[in-house]
Each structure stands twice: as C-alpha cells, then as structure tokens.
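Right, one structure below, let's go through it.
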Amino acid sequence: MTFSCPKLHIILLSLTAACPFAAALSHGPINGNRQLSRRDALISAASSTAALSGLILSSPTNANAAPPEAESVDLAAFNAARVSSASSSSSGAPRSSSPMIGSGKVRRSIIPNIDPSPLLPIRGGRNGKSTIQIPRVGYSLYKTKPEQDARCVSLALRCGIRHFDVATLYNSNLEVNMPFKQYLDGGLPALQRSYHKDESSELLEYLDATSAAAGKHAIQTIGFKSKSIAPPIDGSAGRRARREQLFISHKLSNVEQSSSMLTVKRSVKNAIAELGVGYLDMVSIHSPLTDKARRVATYQALLELRDAGFVRSVGVCNYGIGPLKEIQELVGEDHLYNLPAVNQLEMSPFNSHPDVVRYCDANGIAVGCSAWSKLSGVDGPSEGWTVLADLAKVKGVTKAQLLVRWSLQKGFVCLPRSGSSSKVERMAIAENSYGGVNSVGASFVLTQEDMKILDGLDSGYKAGRLGRRDGWDDEDVAGPEWDPTDIV
C-alpha cells in the first residue's frame, strides 16, 4: 500500500536541511522505484529525529529487530533507507551500524580517553559483523529490592540513562516490565503521570538537569553540531524509536546454562517476554562456574539467537582467560567476530584484572565494571578506600562518582547501582550517570597523577575477600583468595 502525503513531504524536506539522515530518506533508494509506505516514512522520520538528538544507539537490521513473526513493517525498504542514511551522513553523529574489521584484524574496544563520548561501539548484529552502540554508563538492578525496581528504572530514565543491566538472579524482570512499557508507549510524560507525580520538585529538577547535561556533553564529545529538534513522535513509530534508544542487557544464571541449546533459547525468550521489550540488546553468561560443555553450548545458543534477531550482541561476565579461550576455540581464528562483545568483571582500582583486560583488548572485547557497593563495606579494602575517599573530597565529588570517572577514562563500560528508599539514594541514581559525572565541572577530570594514585591501589582484591555474590553463591567461594576469573 502506498500513499501521497504533502504534509509529510514538507516535514521530510524541512528535516533534510538540518539532518543528513532525512536527506538520505527523502532522496535515497527507498524512493527509487516505488512510493514510501506511510508507516515506513513515519518510522524513518522518528528515527532520524532521534539520531539528530545524539541519543539513538543503533538501528537493528532485519536480524536485530523484534522477532520476525511479530514484525509487520516493510523491513527491506526500511533497512535500505537506514543503510543509505548511515553511509551518506557526513556529520559527527554516531552511525547506526558499521562493518567490523574482518580480515584477521580486531577493532579495539578499550581505548583510554580523558573525556570519552557516551557511546562505545561493540561487535554485534547478524553474524557479529557489524557494530552496535552501548552506552558507557548504565544502571544495574543488582541488589535492588524488588519493590524498588520500577521506581529506580523510572528515575534512571528521567535522568537520561538508557542502558539497563538486568539478570535472572536479580529477580527484576517482571518488576521493570511496567516502567519500560510505559516509557516505550508514551515516553517520559507517561512516566511522569505514573511514577513521578509524587516525587519532590527538587529531585525532578535535578534529574532533568542531569539529562540535559548528558545531552550537551554528548554533543561536545561526538562533535555533532546540529541542534536537536522534536522528540520522537507518538504511536508505533515513536515506540520503535524509543526502543532503539534503550540498551537492555540480560544475564543468564548458572542454572539456565545448559548443554541443551533449545533449553537456553527458551530461557532467553522467556526473559524477553517478562521484560516486554521485543528483543534484547545483549545477553551474557553470568559466570563461568558450571562446566565446559554447558558454557560452550550456552554460548553457541546465544550466537544463534543473535543471528535470528532475538539478541543483538552476546557477552560474558566474570570470565577469565581460560573460559575466554574456550570461546575462541569454539568460534575459530577465522571467526573472531563471534567472540563476546563485552566481558563484565568485578572491576575497580583495587582489582583491575590486568591480564584479563589485556586479553580482551587484544581480541576486541569491551570490558564492563560491575557495581561497587561492596567496596565501602566491612569486607572492603579499608586503607585504599580512605585514599580514594580523600581524592573524591579534593575533587568535590562522591566516591561512586570518582569510580565512574575512573572507569570511563580507562575506556570501560560501567554499571553503578543505587536504591530508591532514601533521598540520598534517589539522587545517587542521577549523580552516577553519564550526565551526573559530566555536570560537576571542568575540575572533575582525573589527571595523570590522579589516575596514578588510583592505579596504585591495585592489590588484586579478590571476590572471596570482598564478599560479593553476583553470579555465584556462598558454596562456590573456596576462600578469601577465590575469584571467578581464576577458573581454568
């Protein structure tokens, strides 16, 4: 079915002047042989608008969109327009997808930078041969009480966070379904009506200021000079654009690892249904604490889910060099694009896992930092924590903000967490976001001397001493020097 709409044509022409993506849509191959369907045009216009604002993460190809059986859009025409727009864009805005280096070379995913942009390219897409964008700072539901999950997610969305770390072990999927659904259906105004109407004006003003700071700093670091225009439109096209802005990362528990690939796939599809988000941007194996047969079969199942479009990228958590080499053996030297996109570790200045980081860097695997709540507890590195606290005081920031900044400048992805039971906790959600650590001021940049002080705190502080339980239970911990990355 085709249509002719003068008003929409005028809108596209006006966008063309400000946005290269719109130019590609109005003059690209999608219009070469036939007229644009109305829904394709609306989706394209909404996605172009989101890209212009610097918030769009990446646009799923046919393999990376929602499962095919639920798709009613003309994806061939839609994807042709998006590919054309990405290749023709001359602005500094992040492209939706770009080819990985495939002839035995590997694109680095760990690049230290004093002022990194909000998005990091990682491997993903069909057969892992494209890149997708992951927000460098997200929000983790680790240890968040179930009754606080929905409120925390709604506040995180309000302050500009678009990367969410969920897991079967966190028991959060069903709880966060509703704020995700309301955001996707109606954007931030829907969250205002349902979750934020009783929040203090002080908190909401701070959340909004943090979101604005994130957008402003993103434009500065990406080098995108065009002004933002209207937010994504309402309806199904707007919902798709908002979904593309989110990055939902889910972790499979040890119980869900299986030598039966069918069982693994069912677990992932069940998580998608619980979350109600259509597809997952990344699914990771939560820990290597099973056996080789289950680890390998689970990883292979995740690759097949990625290639089928249910998952956009595959990751691992708490993997040391041994289990990582298992995956390298599985995929073969000619298929390194099937290596994990991200390896999330319990990473801090007190345990920087230098050997694992070097291996990941050499193989194009990004590194993520888990939440740091245990570091300040009774089992944490008390002397080193005092040094870190003193540096945070000098910088005029919180200790958590200092850790976020450290991870950013190291080139890592970081996933801080906070609850919502107190004002301090609710404010911390925004403070520890990308906007939060970039709204403190120019003084909050860690100098080489600051980084040297923090790096000097590394004592290889093992998970066994820290008391952390994220992907394993008490019976898995063999002693104070035990760490999941030591599994061979």
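The values are calculated or read from the model by the stated rules, or taken from the named source; none is laboratory data. Just so it is clear, the structure is predicted and the values come from calculations on it, not from any experiment. Reconstructed Cβ throughout: ideal geometry from the backbone, glycine too, with neighbour counts over all protein chains shown. SASA here: full protein model, heavy atoms, side chains in, ligands and nucleic acids out. Shrake-Rupley method; radii C 1.70, N 1.55, O 1.52, S 1.80 Å.
A few comments on the model shown:
- In terms of the mean number of neighbouring beta-carbon atoms within 10 Å, the peptides 309-318, 288-297 order highest first as 309-318, 288-297.
- Taking every protein chain into account, the accessible area of region 309-453 amounts to 34 square angstrom per residue (probe 1.4 Å).
- For the set 216/269; 265/325; 145/410, the pairs lying more than 32 angstrom apart at their alpha carbons are 216/269.
- Residues with amide H under 5 Å from that of residue 247, placed H, sequence gap 5 or more: 163, 164
- Carbon/sulfur fraction of accessible area - region 288-331, other protein chains in place, 1.4 Å, %: 51 percent
- Here the simple spin-label model places points 7 Å from the Cα toward Cβ, and for residue 386 and residue 453 these points are separated by 1.5 nm.
- Between residue 333 and residue 253, the modelled label-to-label distance comes to 4.1 nm, taking each label 7 Å out from Cα in the direction of the beta carbon.
- Net charge contributed by nearby residues that have their C-beta within less than 12 Å of residue 129 (K/R +1, D/E -1): +3
- FRET efficiency, residue 190 to residue 222 (Cβ-Cβ, R0 22 Å, nearest 0.05): 0.20
- Placing a label point 7 Å from the Cα of residue 266 along the Cα-to-Cβ direction, the residues of region 292-315 whose backbone N falls under 17 Å of that point are 298, 301-302, 305.
- Per residue value of the accessible surface for region 158-201 (all protein chains in place, 1.4 Å probe), Å²: 42 Å²
- As computed over region 378-421, the Cα convex hull volume per residue (Å³): 108 Å³
- Region 394-486: C-alpha gyration tensor shape, a/c 1.5 cut-off, then a/b vs b/c: oblate
- Once the chain from residue 423 to residue 481 is taken as fully extended at 0.36 nm per residue, the excess over their C-alpha distance is 17.2 nm.
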